[in-house]
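Down below is the structure, laid out as structure tokens.
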Amino acid sequence: MFLLMIIPGPDMVFVTANALGGGVRAGFAAMLGVASGAYLHVIAAAVGISAILQTSQAAYDIVRMGGAAYLAYLGVKFLRSTSSISEIAPAMPRANWAIYRQGVITNLLNPKAALFTLSFVPQFVSSASGAVWSQMLILGVIIVTIMMAVELPIILASGRFSRWLAGKSGASKWLDRAIGVMLLGLAAYIAAERKPI
């Protein structure tokens, strides 16, 4: 499970981008948002909603294109940003709540996250061990905890780099451009993906 978590995907890119662009607090807000979205996938799988994404190509494509569009929107926002890291810092408490919401949406609009939850979690569930839905919810907590443990060192390292950049004139604007291009590239990749058979 740990090996699956360290493979870079939309969630890790989103968390890293926010930690680089806004420091440790922004990265932490992004991580909590992504983790909340991941747990919502677990809840959806527990009640059977995620099964729709597994069986319906149309539903999968709608979620996939929605996720790609949202990441593209965030990428464009970074590309058009005129604020440096130091200029963003005073508004951080409000910005962190916005980043948290973006993290939830980014994860919810990632159909692979739903399919992963639906295909992976049930393998560790046994009908002889009690209610299946409660076992899935407990396993979901374990998965989200592992996800956060993987992302935390990345946030801390990216946050340190972000603080170093804050003292460099114009560097944070270039970082915003790089993050924007990275998010647009990820959006294009997701848009080109097809549902795994």
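Sorting Phe124, Phe78, Phe161 by solvent-accessible area of protein heavy atoms yields Phe124, Phe161, Phe78, largest first, with a 1.4 Å probe. A 1.4 Å probe over all protein chains sorts Phe116, Phe14 by accessible area into Phe116, Phe14, starting with the largest.
Ordered from largest to smallest accessible area (heavy atoms of protein chains, 1.4 Å probe), the residues Arg80, Arg177 come out as Arg80, Arg177. In this view, the solvent-accessible surface of Tyr70, computed with a 1.4 Å probe and all protein chains in place, comes to about 40 Å². Computed with every protein chain present, the accessible area of Val42 is close to 0 Å² [probe 1.4 Å].
Below 14 angstrom from the Cβ of Asn107, what's the summed charge of the other residues (Lys, Arg +1; Asp, Glu -1)? Each step should come with its number before you reach the end.
Working: positive: Arg64, Arg101, Lys112; negative: Asp11, Glu151.
Neighbour charge sum, excluding Asn107 itself: +1.
The values are calculated or read from the model by the stated rules, or taken from the named source; none is laboratory data. None of these values were measured; they are calculated from a predicted model. Every residue, glycine among them, receives a Cβ derived from its backbone with ideal geometry; neighbour counts consider all protein chains shown. All accessible areas refer to the heavy atoms of the entire protein, side chains included, with ligands and DNA or RNA removed. Shrake-Rupley method; radii C 1.70, N 1.55, O 1.52, S 1.80 Å.
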